[in-house]
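Trainee: Take this structure first; my questions come after.
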Amino acid sequence: MVVESEGYLALIEHLAFNLEVFTQQSGNAMNDTIEDTVTDLVASNIMTICAQNPNLDQETRFKVLQEADSVVEDLSEVLAGVWSNKVTTGQMAFLEEYIALMKNLFDSAVQTS
């Protein structure tokens, strides 16, 4: 569906090219960790996809949830060194954009299923 797509690989490359966002302390630290932020953003975007597509069959919904878990797992591997750090405002902005792009991939996949 998504994690095996070229678009997903391009997003992983985008993350790799922008890892300095997570090694520099740009902006003020917030209360949540990077893990909490990623988990919350992915979950809210997946809930939005399901709300926007109420006619999705159960099998497709399950596949979307499985792949969302894979996305979080991949991000936790790439960001393992900073996963438990407090997220900064700069990191939050990057993650919001990144996960919005990820949602676009899911939107496209759901529309074609």
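Trainee: Compute a Gaussian network model of the chain, connecting alpha carbons closer than 10 Å, and tell me which residue from Asp69, Asp36, Asp57 fluctuates the most.
Mentor: Asp57
Trainee: Can you give the FRET efficiency to the nearest 0.05 for Glu97 and Gln58, using r as the Cβ-Cβ distance and R₀ = 41 Å?
Mentor: About 0.85, to the nearest 0.05.
Trainee: Rolling a 1.4 Å sphere over the protein heavy atoms, what is the accessible area per residue of the chain, to the nearest Å²?
Mentor: 57
Trainee: So who's got an amide H within less than 5 Å of the one on Thr33, skipping anything under 5 residues away but keeping other chains? H placed 1.01 Å off N, in plane.
Mentor: Amide H to amide H, under 5 Å and 5 or more residues apart or across chains, Thr33 pairs with Val87.
Trainee: Still on this structure: Per the 1.4 Å probe, what fraction of the accessible area of segment 9-69, in percent, lies on carbon and sulfur atoms?
Mentor: 53
The values are calculated or read from the model by the stated rules, or taken from the named source; none is laboratory data. Owing to the predicted nature of the structure, the values given are computational and were not obtained by experimental measurement. We place every Cβ from the backbone using ideal geometry, glycine too, and count neighbours over all the protein chains shown. Surface accessibility is based on the protein's heavy atoms, side chains included, excluding ligands, DNA and RNA. Shrake-Rupley method; radii C 1.70, N 1.55, O 1.52, S 1.80 Å.
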